[in-house]
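Note sheet for the following structure.
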Amino acid sequence: MKKKINSKKQKASHSQWSSRGVFLLAAIGSAVGLGNIWKFPYIVGENGGGAFVLVYLFCIVLVGVPVLIAEIALGKSVQSNPVSTFSTLAMACKASRFWALFGYVGIVSGFLILSFYSVVAGWSLEYLQVFIQNDLLGSDARAIEQYFTQLLASPNTLLLWHSVFMLLTVAIVARGIRKGIEKIIIWSMPILFVILVILVLYATQLEGFSKAFDYLFVADFSKLTTDGVLIALGHSFFTLSLGMGAMMVYGSYLQKDTPVVKLSFIIAIADTLVALMAGLAIFPLIFTYGLESTSGPSLLFISLPNALLSLPFGQFFGIAFFFLLLIAALSSAISILEPVVSFIQQKTRLSRHFVTYLIGSIVWLIGVGALLAFNDWSDVHLLGQRNIFDSLDYVTTSILLPLGGLGVSIFAVWVVSKQPNTRQLLGISDSKYPIWRISAGIIAPIVIGVIAWHGLN
Ligand code: PHE
């Protein structure tokens, strides 16, 4: 069996990270993204603060980490793309070939997520430019709000930034793991952490800091809804980049003897810390200026600029903040594109360059639909009352990612690790093995099932 898996690997001529440290940076880069800095603060705001944060932490520990371990371990064991990881292991375990469907679910999710992800990342490019040129200097609250409304109403500007962001992403991924992804990650992740620490230190000096702290860490369960719980679960998958093969494919570039449990914990802790730090950087500003914490997706693009512009050195911190958002988004976007590229490239044997640009163009096109949802196509509803953008977000975050995660964990525990020969390939040490089996094979599926059931009813 091992031979079979090895020969597959050779055929695929799979790359490898230059070191474990680089893998960690890349995986943290994948996890830390718009999900942490844009989405987490606004969903906390919309769902009432502390109680939601607690449920979210609960989902990360109970569901996120065990699934993350499973995903990296599966990827590492076969060292191929997500679809062939499932099919190779299913074959080795004499299980149904239908398991490969979960690989395909991941590939489809990749296309869909990147298309709307890039649109939002485009907003950060626009605001980076706004702060560099100090365009909003002297504007009042109404003008700042209008600026964002007008941005959403102009398809051309949205298209410009969406295209620039997609081009950046494609240009990096096309160069491959070592020459593309690693080169960017190595400098961007340390910069991201330094900027975030500076922003939090700055926020601690503001009057609103203690209110923000209580808001994030004191739980008021009366504010929590069932919907909120589903959002927390979906977000724990989104923020850890689970359920679509991103972590699987990053794991596939690891050496076979790498211990995955410790690395998975480091990734999850770093990701959670960044989300909480983003909350601690943003909410003090919002509260100091008496602004609304419940403003939803526009929190970062209306409330935050509003607060920043009334502060000393606001321009400097604005540039730092939107640059941070951009590099966080970029290091995630490349990990959303990578599994799709590795699958199509290994399948078709076309050049990596060609495949990356081709897929990038399709994603770009779907993204055009997503950005038109804010203006010309705002009347087009796909799922219920949701426009194209919201439908893409809902289908991926609330349905496909949890489904993909469920597939990964059940497959890893109930198919792969049942066979002694394949169990070894996962590389989970004997002491941690029983706990992981219970959490990934029983607790995580039950939590996902119960929450999904409530959400869909
Ligand atoms: N984890 C990324 C974020 O929080 C998004 C992402 C989702 C990346 C799925 C890869 C795969 O922004």
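The values are calculated or read from the model by the stated rules, or taken from the named source; none is laboratory data. Just so we're clear, the structure is a prediction, and the values are computed from it rather than from any experiment. No Cβ is skipped: glycine too gets one built from the backbone with ideal geometry, and neighbour counts run over all protein chains shown.
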- Task: Pick out, from the range 278-380, the helices (runs of 4 or more DSSP H) lying fully within it that include 1 or more residues that are buried (at least 22 other Cβ atoms within 10 Å of the Cβ), modelled with pLDDT of 95 or more and within 16 Å of the ligand (Cβ to nearest atom).
- Result: 314-348, 352-372
- What are the residues in the range 32-57 that are more than 18 Å from the chain's Cα centre (by Cα), part of a helix (DSSP H, G or I) and not acidic (Asp, Glu), if any? GLY45, GLY50, ALA51, PHE52, LEU54, VAL55
- Just checking, how many residues over the range 259-300 are of a type in the set (S, T, N, Q), touching a Gly at 6+ places or on another chain (Cβ under 7 Å) and under 17 Å from PHE217 (Cβ atoms)? 1
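Residue-by-condition table, conditions (1) within 16 Å of the ligand (Cβ to nearest atom); (2) closer than 17 Å to VAL78 by Cβ:
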residue	(1), (2)
LEU406	yes, no
ALA412	no, yes
LEU425	no, yes
PRO434	no, no
ALA440	no, no
VAL447	no, no
ALA452	no, no
- Task: Filter the range 233-244 down to residues that are more than 8 Å from the ligand (Cβ to nearest atom) and small (Gly, Ala, Ser) and give me whichever is nearest to GLY33 (Cα to Cα).
- Result: SER236
- Message: Going by what's in this entry, would TYR215 be described as assigned to a helix (DSSP H, G or I), of a type in the set (Ser, Thr, Tyr) and surrounded by 21 or more Cβ atoms within 10 Å (Cβ to Cβ)?
- Response: yes
- Query: Among the residues of the range 85-110, how many are surrounded by 23 or more Cβ atoms within 10 Å (Cβ to Cβ), away from the ligand (no atom under 13 Å from the Cβ) and of a type in the set (Ser, Thr, Tyr)?
  - Reply: 1
- Message: Looking at GLN79 and the list (1) within 25 Å of ILE359 (Cα to Cα); (2) under 21 Å from the mean Cα position of the chain (by Cα); (3) crowded, with 22+ Cβ neighbours inside 10 Å, which single condition is not satisfied?
- Response: (2)
- Looking at the range 168-182, which of its residues are touching a residue at least 60 places away in the same chain (Cβ under 8 Å) and in a helix (DSSP H, G or I)? LEU168, THR169, VAL170, ILE172, VAL173, ALA174, ILE177, ARG178, GLY180, ILE181, GLU182
- Item | Residues of the range 72-96 that turn out to be in a helix (DSSP H, G or I) and over 16 Å from GLN419 (Cβ atoms), as a count | 6
- Message: For LEU242, only one of the following conditions fails: (1) within 30 Å of VAL105 (Cβ to Cβ); (2) part of a loop (DSSP other than H, G, I, E, B); (3) free of Cβ contacts under 8 Å to residues at least 24 places away in the same chain; (4) aliphatic (A, V, I, L, M). What is its number?
- Response: (3)
- Filter result for the condition that a residue is buried (at least 20 other Cβ atoms within 10 Å of the Cβ), hydrophobic (A, V, I, L, M, F, W, C), closer than 18 Å to TYR56 by Cα and at pLDDT below 90, over ILE448, ILE428: ILE448
- Message: Where the second residue is assigned to a loop (DSSP other than H, G, I, E, B) and of a type in the set (A, V, I, L, M) and the first is within 16 Å of the ligand (Cβ to nearest atom) and lies in the range 246-259, which pairs have Cβ atoms under 9 Å and are six or more apart or on separate chains?
- Response: MET247/LEU240
- Query: For ALA73, which of the numbered conditions (1) within 14 Å of the ligand (Cβ to nearest atom); (2) over 22 Å from LEU276 (Cβ atoms) fails to hold?
  - Reply: (1)
- Determine, yes or no, whether THR356 is of a type in the set (Val, Ile, Thr), out of contact with any strand residue (DSSP E or B) (no Cβ under 9 Å at 6 or more places or on another chain) and within 23 Å of ASN47 (Cβ to Cβ). no
- Note: among ILE43, ILE5, just one is in contact with a helix residue (DSSP H, G or I) (Cβ under 7 Å, 6 or more places away or on another chain), modelled with pLDDT under 95, farther than 30 Å from ASP227 by Cα and among the β-branched types (Val, Ile, Thr), namely ILE5
